[in-house]
């Protein structure tokens, strides 16, 4: 290869101009110009204070090779490109095609427009479309967020940037990671595609299959998402997060997992309000806990979980409340569940079925211990009815009652406080015939059970009792006032658990 050098040293600023054979003129000037040939092609070597102009675009650099015939520019050192759209591009190396107006910028590349700044070592930029493509790592910064990825495309005219492969968005309070993302700088809106995760400063962790995140309005829409905190996990097909009002809205296949207690709450829709640390689940709402050889289910129109800043410790269920556990079934209008203490309080016409026992009162409060019913308090207008093997109704009535249960949920004792009244039928040893009807009135009494049957009764404060022989029993003797047998209201598991009814199997089952 033979180089022919033409050296011209200029002692003052000299201006040169070349007219391109295509559409735009390319002009240049520099402190020093040298002519030479590379592969027989003439090349202008420009040194110091080099400036190129094409249309309204200006390129400055320390030195450059200009291939006149092909309108190709090679620029080196402190490159600054100023565009008519007020954007500026800086780099250390540049190859620019004056005909296609495509630039290949390398090493310490910085694109600046308004509050937006893009840094990379490899940028290809189309001046016609005002479109840039970076590869092998790049970073975008604006006045709020920083975005990093392996590859990216940005559009100067539309304020849109696209990032893919190991995308990281670092915001004021969170970091978002995704496979690919579109980002609008003015709106501060990110749209992700595919697997996405967010880690916030308050240790909230979010997984999603894509969504929209808007920083200015603090509003996010997530698809097939999971939100995890130290206290709970919230999953849904769709989650909308309104950070400004601190509200999460979840829809379709909603699941709330309360970690410490391992309770799951399912529903069609859910709302989490950060202001009062509450999560409301509604539409086929269901509370579930797996226990040894059994499962506890509770359904209602709405389930509300309250966070006490340490854990989700309180659940409210209201309207059409029903629960199901093997040999322990109940319903009421509303219910409060203190998770840490394992205490359930039922209100507004509550009723519980326990084997052959029907239990009612104005309020029922029971405690679970090792996932079994430990004790139960019946407050005001308490009434327990059980059917014996012959179809007779044994009855216990009083103002308040306290019941305890054995490990298999059999009644062990009932203590009646105030206005005690009982009817129970004595049966012979073969349980096939009646010995008589026992009717007892006593303010306070205690009943002891064996195998869920009355074994003995302890009376306090002057009991009134009578034994009615079988042939003297009349219809009026059979029932205590306000007796009501409600077996037809007893819910089945299909009434409570909708996915059994619809043969649907949920996640985490």
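None of the figures in this text is laboratory data; all of them are computed from the coordinates on show. Predicted model, so just to flag it, every value in this text is computed and none were measured. Cβ coordinates were reconstructed from backbone atoms using ideal geometry, including for glycine residues, and neighbour counts include every protein chain displayed.
For the reader, a short list of remarks on this structure follows.
- Normalised by the number of residues in the chain, the mean separation of alpha-carbon contacts (under 8 Å, six or more apart) gives a relative contact order of 4 percent.
- Report note on the peptides 467-480, 156-169: ranked by the mean count of other C-beta atoms within 10 Å, highest first, their order is 156-169, 467-480.
- Packing-based exposure ordering (other Cβ within 10 Å, fewest first) of 493, 457: 493, 457
- Here the sum of -39500 (n - 2.57) over DSSP H runs of 4 or more residues, divided by the residues of the chain, equals 0 deg cm²/dmol at 222 nm, to the nearest 500.
- Residue-span extension gain [residue 78 to residue 451] - 0.36 nm each, minus C-alpha spacing: 125.0 nm
- FRET efficiency, 1/(1 + (r/R0)^6) with R0 22 Å, evaluated for residue 483 and residue 355 via beta carbons: 0.70
- The chain, Rg to Rh (Cα coordinates; Rh as Kirkwood inverse mean 1/r): 1.36
- Summary of the geometry: segment 30-55 and segment 241-270, compared by the centres of their Cα atoms, lie 66 Å apart.
- Simple label model, 7 Å out from Cα along Cβ direction - residue 319 to residue 432, nm: 5.4
- Spin-label pair residue 175/residue 253, simplified geometry with 7 Å Cα→Cβ offset, distance in nm: 2.9
- Computed log10 I(q)/I(0) for segment 350-478 at 0.14 Å⁻¹: -0.60, from the Debye equation with unit scatterers placed on every C-alpha and solvent omitted.
- Using 0.36 nm per residue and subtracting the Cα-Cα separation, the extra length available between residue 407 and residue 340 on full extension is 22.1 nm.
- Using 0.36 nm per residue and subtracting the Cα-Cα separation, the extra length available between residue 465 and residue 69 on full extension is 130.3 nm.
- Reported to the nearest whole Å, the Cα centre-to-centre distance from segment 379-445 to segment 314-376 is 20.
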